[in-house]
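The values are calculated or read from the model by the stated rules, or taken from the named source; none is laboratory data. Since the model is a prediction, treat every value here as computed from it, not as a measurement. Cβ sites come from the backbone with ideal geometry, for glycine too, and all protein chains shown count toward neighbours. What goes into the accessible areas is simple: the full protein's heavy atoms, side chains included, and nothing from ligands, DNA or RNA. Shrake-Rupley method; radii C 1.70, N 1.55, O 1.52, S 1.80 Å.
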Amino acid sequence: MTAGAVTTARAAPGGPAHRPLDASLGAQLRRADRGRQIRALLLVAPLLLFLFVNFALPLVLMLAKSIDGREEARALARTGAALASWDGRSAVPDAAAKALVADLGDLRGTPALSMVANRLNYDVNGMRSLVLKTARRLPPSGDATLAALGSIDPLWQRPEQWAAVLRATDRITSFHVLAAVDARRDPAGGITMLPPQQGVMREIFLRTFWIASVVTLACIVLGYPVAYLIASATPGWASVMMMAVLLPFWTSLLVRTSAWVVLLQTNGIVNKGLQGLGLTSAPVPLVFNRTGAYIALIHVLLPFMILPIYSIMKSVKPDYVRAAVSLGASPVTAFRRVYLPLTLPGLASGTLLVFVSALGFYITPALIGGAGDQMIGFFIAYYINDTVNWGMAAALGGLLLLSTAVVFLVYTWLAGSSSPAWRS
Amino acid sequence: MSGGNATHVEFKDVCKTYDGRTLAVSHLDLTVASGEFVTFLGPSGSGKTTSLMMLAGFETETSGEILIAGRSMSRVAPHRRNIGMVFQNYALFPHMTVAENIAFPLSVRGVPAAEQASRVGRVLERVRLGAYGARRPSELSGGQQQRVALARALVFDPVLILMDEPLGALDKQLRDQLQLEIKHLHAELGVTIIYVTHDQSEALTMSDRVAVFNDGSIQQIASPSHLYRFPATPFVAGFVGENNQFSCTVTAVEGDTWTLASPAGDPLRAVGIGSCEVGRSVPVSVRPEHLIVRPRDDMRMIDARLEEAIYHGDHTRLRFRTGWGDVVTAKVMRPDELGPLPIGESMPLGWRPEDCRAFAA
């Protein structure tokens, strides 16, 4: 400031000519800052590169899989062109039958045939065997009419099969994304929802959110008092209790989950204990069902709730509660109107951490839950590993990512509106 | 003492121990009259804050009893004691505005919203913060925050207000100003105030009576001027105001006028506190402003060598080294009237016997 004023005065006392000087000062400042920015960027460059190669790039490539229909479109290129002007309802032109016969002829004997057959089968059940059967008995190309295909299998007479073929020829396809929400395109190109008994994805998503919510709620109820206890204990006891919270946190997730299976099984220590205390006469089913999944998930995620709440509680001085009580607030009122609002940011970040982690949980419910307790992560793995339907896995993963982003946006919106200028 | 004479707060033989071995507060007996301003003065760890916290209900007395308006508080929860309290760090709720903070004691008492608003407005005017109701506490200066805390403690018309080092975090100028404001509020409202501080000048400025705490018990409780002029123990003499202290041997006791011998053998006279036999060594204290340089012969007590003269504008401090090695300081308003004061020269010092106190305890 002073330096600038001195320079200005020396150059042109009181005149408008000081502008260029100020501008050059600004340029100097920017140049100096730029040097610092470049240095900072170079320092984080390895990390950024690592993140890009190992995180951002795979993420984008995987998400792209959910809308990528290029392989199928290439394999059925001639059919796609022949069906381009078809309205989806009227009789299929013979040219299309001819093109399909030509495409299948080229595909016969290559792995791409099976890929196309699978893709069509995801859309309309039975298409896989229809395509494979047709490929085996292809009519000569000169005689390739709709009627000829119909004689191989009368299903070819129906527009539904052809609509599925047409849908498989889109280079960019909404098929997997729609399937991930139990929807599909009807022959006319509109979007329809599957009837409830056919759609499973909605139920799986609802189940995932439900389990995550129950686990989060349980972590709040269990974690908040523990955090309070640690925050208000003497330093010695606080470090003992903190150890008890952190020790499982440092243990491998797989080990902890397997340990719960051992503890909770029919002849496990928990059931033996319950029977020994006379609380139950027969073993309680605690594992490979929802109860077991809840127990293990809550145990695994509890530290994520306790730690942020604890750190906020440590920063809330006991004088606030004392002041509230001295002003006439009962302990319950002082808690509700002073302590809880002051610790709410910790509660909110703990809730976010636990809920988002729970949404994507895979190992623990997979090992300890039953068939009806699997969450979305299990199905992503299932589509990747078992059915090798990467498009569907990518669509489900994208949807999970989207849900997480929405949860996070809601969190930042709530945190931004309720708290606080006073924390900054 | 302002206000009535009825006993408002009474500590009856109150003890408090945290560890079961040492007493943080030891056999405290104290009565505070209605409308009185009493300050608990003492160093940290002297039991003054613990006593205040027991009165507020945040600590439980180990034995003894505390009464407010004649009623035992031992079974009264802190939030039912109807005490306004002001904390050192203000303890304003950061998630509420100034107005919400002040309305808090009203809203927990179920006062209707319209009445809350008018009472908050009135008390904000009283602490001269009328325009600040919508702000957050963090947007106010330290002095303003403490005024809000004061307003919050006053708004529900408590008859007893406790202040725990309320000005400790403020700079000196602001502290002086707020001391006067609190004093004026006390005079206007006629409430009883118990004020805790370790700052002796604050205690002397504001209080009707000062209770000096040390080691868990009250050393002396008296009006500020009495405390200053007639300290009852060597601790009070040293803690309240400045004092020169040294040990002397008692050579004769005549009522409360004692004759003593300084370590160098000079005969000197002082007011004796307590009873004491001849031959004992006792602490003697005399204030710097009572030390006379080159006194008349009948007030001459000791000889000391001048080491340093420190100019303070309105007065000058002269540092002397006594023959036995102690440092004594004299506060002189007009050093030029004393003649030349060459550094390093020995000169006679004295005092009026009634200005010097010797403690048997």
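Which one, A:Thr343, A:Asn271, B:Ser107, projects farthest toward the positive side of the charge dipole computed for the protein assembly as shown from Cβ point charges (K/R +1, D/E -1)? So the residue we want is A:Asn271.
Counted over region B:7-237, the DSSP beta bridges are approximately 50% antiparallel.
Averaged per residue, what accessible surface does chain A expose to a 1.4 Å probe, in Å²? Working shown, then result.
Details: 22920 Å² over 424 residues.
In whole numbers, chain A has 54 Å² accessible per residue.
Which order do the peptides A:195-202, B:145-152 take when ranked by the mean count of other beta-carbon atoms within 10 Å per residue, highest first?
On the way: A:195-202: 12.0, B:145-152: 25.6.
Listed from highest to lowest mean packing, they are B:145-152, A:195-202.
GNM on chain B, alpha-carbon springs under 10 angstrom: the most fluctuating residue among B:Gly130, B:Gly190, B:Gly313 is B:Gly313. Carbon and sulfur: what percent of the protein assembly as shown's accessible surface (1.4 Å probe)? The nonpolar share, carbon plus sulfur, comes to 60 percent.
For chain B, the calculated P(r) over all alpha carbon pairs, in 20 Å bins from 0 to the bin holding the longest distance, is 26, 46, 24, 4 percent.
Note on region B:68-157: with charges restricted to the Cβ of Lys and Arg (+1) and Asp and Glu (-1), its dipole about the Cα centre is near 280 debye.
Using only DSSP helix segments of four residues or longer, with each worth -39500 (n - 2.57), what per-residue ellipticity at 222 nm results for chain B after dividing by its residue count and rounding to 500?
Working: 8 runs with 84 residues, N = 361.
Rounded to the nearest 500, it is -7000 deg cm²/dmol.
Taking only alpha carbon atoms, region B:242-359 gives an Rg to Rh ratio of 0.98, where Rh is the Kirkwood radius.
Take B:282-295, A:55-68, A:295-308 and order them by the average number of nearby Cβ atoms within 10 Å per residue, most first; the result is A:295-308, B:282-295, A:55-68.
Over the whole of B:94-101, what's the average partner chain Cβ count within 10 Å per residue? Rounded to a whole number, please.
Numbers: counts 10, 13, 4, 0, 0, 0, 1, 2.
Rounded to a whole number, the mean comes out at 4.
Computed on the Cα trace of region B:21-180, the radius of gyration divided by the Kirkwood hydrodynamic radius gives Rg/Rh = 0.98.
In region A:340-365, comparing the full protein assembly with the chain on its own, the residues that lose 10 Å² or more of accessible surface at a 1.4 Å probe are A:Pro341, A:Leu342. Accessible area per residue (1.4 Å probe, heavy atoms of protein chains only) ranks A:Tyr362, B:Tyr228 as A:Tyr362, B:Tyr228, with the largest value leading. Rounded to the nearest 500, the helix-only mean residue ellipticity at 222 nm of chain A stands at -22500 deg cm²/dmol, with each DSSP H run of n ≥ 4 adding -39,500 (n - 2.57). The Cβ shell under 14 Å around A:Tyr383 holds other residues with a net charge of +1, Lys and Arg each +1, Asp and Glu each -1. For chain A, with a Gaussian network of springs between Cα atoms less than 10 Å apart, report the residue from A:Trp156, A:Trp390, A:Trp237 with the top mean-square fluctuation. Among A:Trp156, A:Trp390, A:Trp237, the largest mean-square fluctuation in the Gaussian network model of chain A belongs to A:Trp237. Taking a straight line from the alpha carbon of A:Lys133, these lysines sit under 30 Å away, with near neighbours fewer than eight places off in the same chain left out: A:Lys65, A:Lys98. Rg and Dmax of the protein assembly as shown, based on Cα coordinates, read 43.0, 147 Å. Applied to region B:102-119, the Karplus parametrisation 6.51 cos²θ - 1.76 cosθ + 1.60 on θ = phi - 60° returns per-residue 3J(HN,Hα) values of 6, 6, 3, x, 6, 5, 6, 8, x, 5, x, 4, 5, 5, 3, 4, 5, 5 Hz, with x for Gly and Pro.
Each residue of region B:341-353 was assigned a 3J(HN,Hα) from its phi angle through the Karplus expression (A = 6.51, B = -1.76, C = 1.60, θ = phi - 60°), giving 10, x, 5, x, 8, 7, 8, x, 10, x, 7, 6, x Hz with x at Gly and Pro. Near A:Lys98, within a Cβ-to-Cβ distance under 14 Å, what is the net charge of the other residues, with Lys and Arg +1 and Asp and Glu -1? Net of charged neighbours comes to -3. Amide H contacts of B:Val25 (H built 1.01 Å from N, in plane; Pro and chain starts excluded): B:Lys16 sit under 5 Å, all sequence-distant by 5 or more or on other chains.
Relative to the Cα centre, what is the charge dipole magnitude of region B:7-237, using +1 at the beta carbon of each Lys and Arg, -1 at the beta carbon of each Asp and Glu, and rounding to the nearest 20 debye? Computed about the Cα centre, the dipole is about 440 debye. The amide H of B:Gln219, built 1.01 Å from its N in the peptide plane, has B:Val212, B:Phe213, B:Asn214 as neighbours under 5 Å, considering only residues 5 or more places off or on other chains. Helix B:172-189 axis versus longest C-alpha principal axis of chain B: approximately 60°, rounded to the nearest ten. Between chain B and chain A, the total buried accessible area stands at approximately 2000 Å², from heavy atoms with a 1.4 Å probe.
Ranking B:Ile343, B:Leu291, B:Ala252 by how far each Cα lies toward the positive end of the dipole of region B:242-359 (charges on Cβ) leaves B:Ile343 at the top. Amide H contacts of B:Gln88 (H built 1.01 Å from N, in plane; Pro and chain starts excluded): B:Asp164 sit under 5 Å, all sequence-distant by 5 or more or on other chains. Legend: distances between Cα atoms for A:Lys314/B:Lys12; B:Lys48/B:Lys183; A:Lys314/B:Lys183; B:Lys183/B:Lys331; B:Lys12/B:Lys172; pairs beyond 31 Å are A:Lys314/B:Lys12; A:Lys314/B:Lys183; B:Lys12/B:Lys172. For the residues A:Ala358, A:Ala81, A:Ala323, a GNM of chain A with alpha-carbon springs under 10 Å puts the largest fluctuation on A:Ala323.
Among all helices in chain A defined by DSSP H, which have a length of 24 Å or more along the axis from Cα atoms plus a Kyte-Doolittle mean of at least -1.0?
Length and hydropathy pass: A:18-51, A:201-232, A:290-315, A:340-359, A:390-418.
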